[in-house]
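J.: Structure below; questions to follow.
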């Protein structure tokens, strides 16, 4: 019994050492693709409510098309389809695919966050002589951010999990490392248990971090009277 | 002439909110617009700040013309300050930042200059002790006085007041009207939509009675309020006085 337990510990440790170097890649893919998603999402979200009919329709089509196609298919399309033409490496293709996919979801979150701000806020800013851009930048977005931060944090955690799909094009991140270990040593239960556990540790720490940040950045002028 | 409105028509869907209205306001004049709900008073005053799109006619304020093409809206708004029924203070900014934001980003004033201006205005509205407060910590009357200070900080040539006391508790109406009276006697050109007939009688140089999108009667308060000619004006005043 003790012998078996000892073997298991050694085995898990061995797998762990094999997987750990891949974790920074998972984090890097997630952070890069989410940065792209934030930038694109905010832009598309603003265009969606620009009030300019053709532009807002185009933004709507972008959102609906991207949200209607599975991420896995988008990864294949960008890596094998576009990648063939544009000569994209695995990392770039993966980041692009995850980033573009999540930008559509973030665009909807930004759009609803902006729409949630009372119309009087726009009118007050415009009547003070601010341009539409200044109104958005100084009056609307600072208020919207407080509304959109929790759902955006959820999307960030979801994108960390979805980064595992990039393993399919041979990008060596955590899930790919698990597959490699398995195909070398044929240890299935322990390998996938540990891969799952490492994802779980990352997602739980992230959601804890988000809760903590929300608490310390609970902002003056909103909700809780002091 | 500070404000000239020529044949203004503003329509919402099928209904005509402002129906071919022409009027003028002289520099330093205080014009109070009264009338029943739905008469088009608010729409008219909101057109003066191009917050409402209109169908035909034009508005000239201090030489800046806005017609149905709605060009020069920005230039117009730079000269016109507006105070709203619902205050519309920026909830994420404290009192001083509410008053300095537009000064800094629109008038390009330095922080120090904008804050000096804000402090001076807070003094005139008696709120120097609320500099660091956030809007949610203020009473309605205090919020509205901050909103007035915020509009004045842009050095407007005209001030528009759209039912600014309608959302206030009765005991706070006086403090806001007091500030407006002082502003009027300081020579500001003002257009005021209100239900406070007493205030109109006291502060207005001219009263306009509107009904059904049209100007029914206008003249000094001693005429329109105390001796109205039109039956519709009389009927309205008999209900509210």
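The values are calculated or read from the model by the stated rules, or taken from the named source; none is laboratory data. Nothing here was measured: the structure is a model prediction, and the numbers come from that model. Cβ: placed from backbone, ideal geometry, glycine included. Neighbour counts: every protein chain shown.
Quick grid of which residues meet (1) crowded, with 17+ Cβ neighbours inside 10 Å; (2) part of a helix (DSSP H, G or I):
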residue	(1), (2)
A:130	yes, no
A:135	yes, yes
A:155	yes, yes
A:167	yes, yes
A:172	yes, no
A:177	yes, yes
A:180	no, yes
A:194	yes, yes
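Yes/no matrix, rows are residues, columns are (1) farther than 28 Å from residue B:35 by Cα; (2) in a strand (DSSP E or B); (3) modelled with pLDDT under 95:
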| position | (1), (2), (3) |
| --- | --- |
| B:82 | no, yes, no |
| B:89 | no, no, no |
| B:96 | yes, no, no |
| B:109 | yes, no, no |
| B:116 | yes, no, no |
| B:159 | no, yes, no |
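J.: Which condition number does residue B:119 fail, the rest of (1) buried (at least 20 other Cβ atoms within 10 Å of the Cβ); (2) farther than 30 Å from residue B:238 by Cβ being met?
T.: (1)
J.: Still on this structure: Would it be correct to say that residue A:120 is surrounded by fewer than 19 Cβ atoms within 10 Å (Cβ to Cβ), at positive phi and free of Cβ contacts under 8 Å to residues at least 60 places away in the same chain? First the steps, then the outcome.
T.: Numbers: surrounded by fewer than 19 Cβ atoms within 10 Å (Cβ to Cβ): yes; at positive phi: no; free of Cβ contacts under 8 Å to residues at least 60 places away in the same chain: yes.
Considered against the rule, which asks whether it is surrounded by fewer than 19 Cβ atoms within 10 Å (Cβ to Cβ), at positive phi and free of Cβ contacts under 8 Å to residues at least 60 places away in the same chain, residue A:120 comes out as no.
J.: Looking for whichever is crowded, with 17+ Cβ neighbours inside 10 Å, under 25 Å from residue A:118 (Cα atoms) and in contact (Cβ under 8 Å) with a residue 12 or more places away in the chain here; the options are B:95, B:125. Which one fits?
T.: Among B:95, B:125, only B:95 is crowded, with 17+ Cβ neighbours inside 10 Å, under 25 Å from residue A:118 (Cα atoms) and in contact (Cβ under 8 Å) with a residue 12 or more places away in the chain.
J.: Which of (1) more than 11 Å from every other protein chain (Cβ to nearest Cβ); (2) over 22 Å from residue B:19 (Cα atoms) does residue B:69 not meet, given it meets every other one?
T.: If we test residue B:69 against (1) more than 11 Å from every other protein chain (Cβ to nearest Cβ); (2) over 22 Å from residue B:19 (Cα atoms), just (2) comes out false.
J.: When you look at residue B:193, is it out of contact with any strand residue (DSSP E or B) (no Cβ under 7 Å at 6 or more places or on another chain) and either free of Cβ contacts under 8 Å to residues at least 12 places away in the same chain or buried (at least 20 other Cβ atoms within 10 Å of the Cβ) (or both), yes or no?
T.: no
J.: Closer than 24 Å to residue A:196 by Cα, surrounded by fewer than 19 Cβ atoms within 10 Å (Cβ to Cβ) and modelled with pLDDT of 95 or more, is that true of residue A:28? Don't jump to the end; show me each part of the working.
T.: Numbers: closer than 24 Å to residue A:196 by Cα: yes; surrounded by fewer than 19 Cβ atoms within 10 Å (Cβ to Cβ): yes; modelled with pLDDT of 95 or more: yes.
Yes; evaluated as a whole, the condition is true for this residue.
J.: Does residue B:102 fit the bill of being assigned to a helix (DSSP H, G or I), farther than 18 Å from residue B:180 by Cβ and within 10 Å of another protein chain (Cβ to nearest Cβ)?
T.: Here the answer is yes, as residue B:102 does meet what is asked.
J.: Assess whether residue A:126 counts as being within 14 Å of another protein chain (Cβ to nearest Cβ) and either assigned to a loop (DSSP other than H, G, I, E, B) or modelled with pLDDT under 95 (or both).
T.: Here the answer is no, as residue A:126 does not meet what is asked.
J.: If you go through the range B:172-190 one residue at a time, do you hit one that is touching a strand residue (DSSP E or B) at 6+ places or on another chain (Cβ under 8 Å) and within 15 Å of residue B:141 (Cα to Cα)?
T.: Checked the range B:172-190: at least one residue is touching a strand residue (DSSP E or B) at 6+ places or on another chain (Cβ under 8 Å) and within 15 Å of residue B:141 (Cα to Cα).
J.: From B:63, B:112, grab the single residue that is without any contact (Cβ under 8 Å) to a residue 12 or more places away in the chain, within 20 Å of the chain's Cα centre (by Cα), surrounded by fewer than 23 Cβ atoms within 10 Å (Cβ to Cβ) and away from chain A (no Cβ under 14 Å).
T.: Details: B:112 fails: within 20 Å of the chain's Cα centre (by Cα).
Result of the check over B:63, B:112: B:63.
J.: Can you tell me which of B:164, B:146 is at negative phi, in a loop (DSSP other than H, G, I, E, B), buried (at least 20 other Cβ atoms within 10 Å of the Cβ) and in contact (Cβ under 8 Å) with a residue 24 or more places away in the chain? First the steps, then the outcome.
T.: On the way: B:146 fails: in a loop (DSSP other than H, G, I, E, B).
Result: B:164 is the single residue among B:164, B:146 that is at negative phi, in a loop (DSSP other than H, G, I, E, B), buried (at least 20 other Cβ atoms within 10 Å of the Cβ) and in contact (Cβ under 8 Å) with a residue 24 or more places away in the chain.
J.: Can you say whether residue A:51 is at pLDDT below 95, on the phi > 0 side of the Ramachandran plot and surrounded by fewer than 21 Cβ atoms within 10 Å (Cβ to Cβ), as far as the supplied structure shows?
T.: On the way: at pLDDT below 95: yes; on the phi > 0 side of the Ramachandran plot: yes; surrounded by fewer than 21 Cβ atoms within 10 Å (Cβ to Cβ): yes.
So residue A:51 fits the description; yes.
J.: Do we have residue A:54 as closer than 23 Å to residue A:176 by Cβ and part of a helix (DSSP H, G or I) here?
T.: For residue A:54, the condition - closer than 23 Å to residue A:176 by Cβ and part of a helix (DSSP H, G or I) - is not met.
J.: Let me ask something additional. Could you list, in sequence order, all residues of the range B:24-60 that are within 19 Å of residue B:78 (Cβ to Cβ), in contact (Cβ under 8 Å) with a residue 60 or more places away in the chain and buried (at least 18 other Cβ atoms within 10 Å of the Cβ)?
T.: Result: B:25, B:45, B:46, B:48, B:49.
J.: Ok, one more. Quick one: which of B:148, B:197, B:215 is away from chain A (no Cβ under 14 Å) and modelled with pLDDT of 95 or more?
T.: It is B:215.
J.: Okay, moving on. In the range B:86-99, what residues are under 18 Å from the mean Cα position of the chain (by Cα) and either more than 9 Å from chain A (Cβ to nearest Cβ) or closer than 15 Å to residue B:189 by Cα (or both)?
T.: Scanning the range B:86-99 gives a single hit, B:99.
J.: Which of (1) farther than 21 Å from residue B:199 by Cβ; (2) without any contact (Cβ under 8 Å) to a residue 60 or more places away in the chain is the odd one out, the single condition residue B:78 does not satisfy?
T.: (2)
J.: Same structure again: Hey, residue B:134 hits all of (1) free of Cβ contacts under 8 Å to residues at least 40 places away in the same chain; (2) more than 29 Å from residue B:222 (Cβ to Cβ) but one; which does it fall short on?
T.: (1)
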